Amino acid sequence: MTVDPQQIAVEGAAAFVAAESLAEIHELELQYLGQQSLLSGMKASFRDLEPQERKALGSQMNAARQQLELAAQDSRSKLESAARAAQLATERVDLTETLAKATVGHSHVITQTWERLEDVFCSMGFTVADGPEVETDWFNFEALNLPPAHPARSLWDTLYLDSSQLEGLGEEQLLLRTHTSPVQIRSMLRAVRDGSGPPIYVVCPGRVYRRDTADATHLPVFHQIEGLVIDRGITMGDLAGTIESFVKAYFGDEMTSRLRPSYFPFTEPSAEFDISAADGSWLEVGGCGMVHPNVLRAGGLDPQEWSGFAFGFGIDRLAKIRYGVEDLREFVTNDVRFLSQF
Amino acid sequence: MKVLLSWLREFAPITGTTPEIAIQLTDLGMELESIHQIGTSLGGIVVAQVLEIRPHPDADKICLVDVDLGDGEALQICCGATNMAVGDRVPLATIGTEMPSGMLIAPRKMRGQASNGMLCSGREMEIGDDHEGILILPPDLALGLPITEALDLREDVVFEFDALPNRPDTLSVMGVARDLAARQGVPFSLTEFSPPTAGESAAGESATGLSSVQILAPELCGRFVTRVISGVQLGQSPRWMAQRLIAAGMRPINNVVDVSNYVMLELGQPNHTYDLSKLPSGELRVRWATEGEQILTLDGVTRSLTAADGVIADGSDAAVGIAGVMGGASTEISETTTDVLLELAWWDPEAVAATSTRLNLHSEASLRFKRGVDPELAPLAGRRFAELLSAISPAQLHPDQNDVAGNLPQAARIRVRLNKVNGLLGTALSREQVQGLLDPIGFVTEPVQDSGDGEELLVQVPTWRPDSSIEVDVIEEVARHYGMARIPKTIPTSPHAGELTQRQLDRRCLRRALVGAGLTEAMPVPFLAPGDLERAGLAADGLLLANPLVAEESVLRTSLLPGLLKAVAYNASHRQNSVELYELGRVFRVGERVIADPGESAKLDRVLAGETEHVAVVLAAKEGGAAVELLQVLLASVNRWGLEPAPLAVELVAGELAGLHPGRAATVLLAGQEIGVVGEVHPDVLQAYGIEQRLAWLQLNLDVLLQIPSVVPQATLVSRFPSSDMDLAFVVDEQVTAESVRATILRSTPTAGSSGWVAARVELFDVFRSEQLGAGLKSLAFRLRFQALDRTLTDEEVTVVRLQVIDQIEQHHGGRLRD
């Protein structure tokens, strides 16, 4: 027997290094490691050998086999990574080609403002209430301390429904609510009926209507949010503090607020609230005040036992300030070039 | 309301800088709209004399004027006015003057001619309203004299604010001064006006028969005072008075009218002057008008009255004025007037408001009457009128007077509890502090016996504050004068967890899903024009507004379709095609509501005017299928109804639906309830709205959808055994919907339970039509995946199910397995 396993290993390893394809490696594997290979053939000569020699040859053969297997693996992984590199090189694409095609949807900026307001007030312990946009005169005016001949009714240019189309109305007049304040009354009556309050801590965002020509600062259809707190011992200080903490949560910690006297039929005392602007001036945001005893009574509550405050402001106006919108009409034009900015 | 600082100081020694006063006024509820300095920008304007006037060689509307400033030199000015004559003294703004408007006077050339200054009108100097021409100055003024000296113009500040509806007292200089003096802690004082009287002394004044007054409608007129001023000579008012009126926003007319306006502005008492000689026997009566009664008012318009309007009539019962709104032309003051009858009345605010609204006639007088004039003011205002008029003309107050009473409201006396004051405001004021805040504004306080509820005050509300009638009204005064900004800010604690309701959360989920699907939210107004609904293929049954501002906004929408179509069309017209929009909003329907119970709590839950909330989607059509895909997204987003795997809760029932393509539309049912429609917009509708692209449409009624109770999804086991897939294609009639076939497959396959099978998934993966299949037929190919919880399914088990499915499809849909 003249074949030397070591020699086979050296020869074979060189062949594996030289291999140029996976198929060639496969061929070489058969040639050097397969059942027909020289190494495998050597096993046949074992029986002619002394145990001592057999052991020596066996370990030489194992070493050679290991060496060859390693060479095959090496060569294969070299070829594979070269092939992967070549494949990757051909697969190069410009990812930015598809960038502009992506469609991203947008919530209306009013909705975004609305939801943010809800979130801020929820974090302050308020729940959110809803009411109809078509209202009765009673909820929109009378229950809010605005009896039919009240001169302050002229503060709201009201859109009425042609009641001839509606059956069963009786004396009642339907209108498009001019403010979200009717939801105050609904919230009180509901709490009393369900026994769920007072205490009442509620905000009422919603769409409201005025008989108004649309211009840069007015819309006939816009949105308000109304807040109502009723409990024992609620003070005007509570109102000022609640407004302040809302202003800080919504506009930022550096902002502050102030109340100044105003007039609303449904609150007494009444105030407007302003926020501090960057230049030190004040920006009017909304109206507020302590709930008028007549309004508490309309809501089924005894003014001797309960007190409360209410506040309200325009969601559109807030969005206008926050997002730098110059003309309120942008909100209802539905131009996607505007809508998709937010 | 505009008030002058100098005028305020006639009532109280107001101190502080202009900005300080401005802050105080705002803090008292007089929110400043503007602050205007007057008389400060006239420094460069001097008296000049016109030497020569000649036409401009190249301009018709400009003349060349040579003026002398006192140095004998002729200075050429180009001037657009022509009302001056050679020798007139005129105001000249010299080079470098900054006019009140901010314009800087500089040397310039007008069509080649040099102009070395500007001749000024009264309006340009903001000292007069006359803009017809150059202000002609008195002839005796020294040339070169500063105009401020020549005309005795003083610097002043005009504060303009919006008077609150409940504060009629702030519609007068006196009222503003009283409030401001109280805030500043300076004394407010009212002079006893003492006009020179004709005939008897003031103490002996009595009716002398010159005039008489009768109130026939006491509910209309609470008080009617008349005075006679004799020896009147109509003429111009002095400059100081004219200037104040102008600064306050009124136009000087003549001395009588000017004094009338002056008194109204100063004291808040509107008043009216009659030429006494034009009133038969000096008689006046107050009554309601008769239906259709005519009167020619001072503005030259003949007005027709109703029985709800008040009038002042003369002795012959002819109307000579509309109560509280405007006087009549027949008794107007004129050049020949010598005796003036002055009317100072108190009119019922509601009556005046109603009349001025009905006639659309809003005067300074009606504004004050409808907010409530101080009923005690009339005698004082009468004396002030006479004093002023006699100061500027030879007039004298005649002893003749009437003071007739009708029904006057009583100023309230209110018990105010100190506990209530502090309890409502969150303050800790002492009784003395509260008194110190109320007394200076005329709310006269008096401590009363403690009734066991802490200290109390009895407060007499002043007659000039008719709005103040209950305890909280007085508390508002305390808050106002204490300073709302000084009230310590506290935060009440809500006992509730602040949270959104399920419906509010669902709404947000829907929006997120739609935005996630690439849609943008539109917010069209809910008003439609007549015809919009019909153009959208919908019934013309929208609710109508009784008083729309314009016809284009007179119908309430019954569907979100017209508004969104308009939005798509608008964008298309601005070259924004393929817009994908959604809207979440309310629609209104006729005839779906009846008020069954007039009780307030019953009113709470009823639906008014069929108002329901909808969500709608409009996007580029894929045979209507685009919207169906979104339907799945939407329903999954609210994650409530266990949409997968089976049984399916959603059903689409194909049908012809208003506004939609007759072959590509379906009603959407969820758990058997109709929740909306889906499909493609009808091409006729697209055409009517000028839209060129095909649109898919989905509209769901959220009032139905979101009322379906929510279910907390319960976890099911996920199998760890291998699954078997099987493809089955069925040939069915075109009428058979894919979804119904899918539902049948799902029903015919075993699910969890005794069989141990789970996750029977069925997907439609191919739809195929061909001539070979035959007309009116289609092939629907489904992939089914089976799996069991406890074992690997055998081929035999799956084959049984396969045969079962094929059999069921044949039975229910007449479908056969495609070879």
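A few points about this structure:
- Some residue of region B:780-787 being within 22 Å of B:Gly663 (Cβ to Cβ) and touching a residue at least 12 places away in the same chain (Cβ under 8 Å): yes
- Residue tally, condition away from every other protein chain (no Cβ under 12 Å) and closer than 30 Å to A:Asp238 by Cβ, over region A:306-342: 10
- Number of positions in region A:196-211 that are in a loop (DSSP other than H, G, I, E, B), within 9 Å of another protein chain (Cβ to nearest Cβ) and either open to solvent by less than 50 Å² (accessible area, probe 1.4 Å) or modelled with pLDDT of 95 or more (or both): 2
- Restricted to region B:66-151, the set of strands (runs of 3 or more DSSP E) holding at least 2 residues that are over 28 Å from B:Trp240 (Cβ atoms) comprises B:75-79, B:108-110, B:113-115.
- The set of residues from region B:151-174 being away from chain A (no Cβ under 14 Å) and closer than 19 Å to B:Glu20 by Cα comprises B:Glu155, B:Asp156, B:Val157, B:Val158, B:Phe159, B:Glu160, B:Val173.
- Scanning region B:197-208 for residues that are open to solvent by 60 Å² or more (accessible area, probe 1.4 Å) and either at pLDDT 80 or above or in a loop (DSSP other than H, G, I, E, B) (or both) gives B:Gly199, B:Glu200, B:Ser201, B:Ala207, B:Thr208.
- Subset tally (residues that are among the aromatic types (Phe, Trp, Tyr) and within 7 Å of chain A (Cβ to nearest Cβ)) for region B:565-591: 2
- Any hit, region B:520-534, residues being open to solvent by 40 Å² or more (accessible area, probe 1.4 Å) and more than 7 Å from chain A (Cβ to nearest Cβ): yes
- Filter result for the condition that a residue is within 7 Å of chain B (Cβ to nearest Cβ), over 26 Å from B:Gly585 (Cβ atoms), at pLDDT below 95 and not in a loop (DSSP other than H, G, I, E, B), over A:Arg186, A:Arg193: A:Arg193
- In summary, A:Ser181 fulfils each of the numbered conditions (1) open to solvent by 10 Å² or more (accessible area, probe 1.4 Å); (2) polar (S, T, N, Q); (3) under 16 Å from A:Phe313 (Cβ atoms); (4) more than 9 Å from chain B (Cβ to nearest Cβ) with the single exception of condition (1).
- Helices (runs of 4 or more DSSP H) wholly inside region B:361-461 containing at least 1 residues that are farther than 30 Å from B:Ser194 by Cβ, open to solvent by 20 Å² or more (accessible area, probe 1.4 Å) and out of contact with any Lys or Arg (no Cβ under 8 Å at 6 or more places or on another chain): B:364-371, B:418-425, B:431-438
- Subset of region A:43-79 [basic (Lys, Arg) and more than 19 Å from A:Tyr32 (Cα to Cα)]: A:Arg47, A:Arg54, A:Lys55, A:Lys78
- Where A:Gln36 falls short, out of the listed (1) exposed (fewer than 14 other Cβ atoms within 10 Å of the Cβ); (2) assigned to a helix (DSSP H, G or I): (2)
- Annotation for region A:218-229: no member residue is facing chain B (nearest Cβ under 8 Å), touching a residue at least 12 places away in the same chain (Cβ under 8 Å) and open to solvent by 30 Å² or more (accessible area, probe 1.4 Å).
- The listed residues are B:Ala59, B:Ala12, and the only one of them that is among the small types (Gly, Ala, Ser), modelled with pLDDT of 95 or more and either surrounded by fewer than 17 Cβ atoms within 10 Å (Cβ to Cβ) or outside any strand (DSSP E or B) (or both) turns out to be B:Ala12.
- Residue check: A:Glu284 meets all listed conditions (1) open to solvent by less than 20 Å² (accessible area, probe 1.4 Å); (2) under 29 Å from B:Leu25 (Cα atoms); (3) facing chain B (nearest Cβ under 9 Å); (4) out of contact with any Gly (no Cβ under 6 Å at 6 or more places or on another chain) but one, namely (1).
- Considered as a group, the residues in region A:122-138 that are hydrophobic (A, V, I, L, M, F, W, C) and more than 7 Å from every other protein chain (Cβ to nearest Cβ) include one that is farthest from A:His292 (Cα to Cα), and that residue is A:Ala129.
- First in region B:722-736 and at positive phi, second anywhere and open to solvent by less than 20 Å² (accessible area, probe 1.4 Å), Cβ under 6 Å, 6 or more apart: none
- Whether a residue is more than 10 Å from every other protein chain (Cβ to nearest Cβ) and either under 30 Å from A:Leu175 (Cα atoms) or touching a Gly at 6+ places or on another chain (Cβ under 7 Å) (or both) was assessed, and B:Pro562 passes this test.
- Some residue of region A:110-121 being surrounded by 10 or more Cβ atoms within 10 Å (Cβ to Cβ), in contact with a helix residue (DSSP H, G or I) (Cβ under 6 Å, 6 or more places away or on another chain), closer than 30 Å to B:Glu521 by Cα and more than 11 Å from chain B (Cβ to nearest Cβ): yes
- Top-ranked residue in region A:122-148 [being farther than 21 Å from B:Arg557 by Cα and among the hydroxyl-bearing types (Ser, Thr, Tyr); ranked as surrounded by the most Cβ atoms within 10 Å (Cβ to Cβ)]: A:Thr127
- Hey, A:Arg186 under 30 Å from A:Cys122 (Cα atoms), touching a Gly at 6+ places or on another chain (Cβ under 6 Å) and touching a residue at least 12 places away in the same chain (Cβ under 8 Å) or not: yes
- Failed item, numbered, when A:Gly289 is tested on (1) surrounded by 23 or more Cβ atoms within 10 Å (Cβ to Cβ); (2) at negative phi: (2)
Let's see how each residue does on (1) basic (Lys, Arg); (2) not in a strand (DSSP E or B):
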| site | (1), (2) |
| --- | --- |
| B:Glu771 | no, yes |
| B:Leu780 | no, no |
| B:Arg783 | yes, no |
| B:Leu793 | no, yes |
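- Members of region A:317-335 found to be in a helix (DSSP H, G or I) and over 20 Å from the mean Cα position of the chain (by Cα), listed by number: A:Arg317, A:Lys320, A:Ile321, A:Glu330, A:Phe331, A:Val332, A:Thr333
- Region B:216-257, residues that are over 33 Å from the mean Cα position of the chain (by Cα), farther than 30 Å from B:Asn407 by Cβ and small (Gly, Ala, Ser): B:Ser230, B:Gly231, B:Gly235, B:Ser237, B:Ala242
- Across region B:463-517, the number of residues qualifying as more than 7 Å from every other protein chain (Cβ to nearest Cβ), among the hydrophobic types (A, V, I, L, M, F, W, C) and assigned to a helix (DSSP H, G or I) comes to 6.
- Test: residue in region B:654-666 that is in a loop (DSSP other than H, G, I, E, B), surrounded by fewer than 19 Cβ atoms within 10 Å (Cβ to Cβ), modelled with pLDDT under 85 and among the hydrophobic types (A, V, I, L, M, F, W, C): no
The values are calculated or read from the model by the stated rules, or taken from the named source; none is laboratory data. Predicted model, so just to flag it, every value in this text is computed and none were measured. Ideal geometry is used to build each Cβ from the backbone, glycine not excepted, and the neighbour counts take in all protein chains shown. All accessible areas refer to the heavy atoms of the entire protein, side chains included, with ligands and DNA or RNA removed. Shrake-Rupley method; radii C 1.70, N 1.55, O 1.52, S 1.80 Å.
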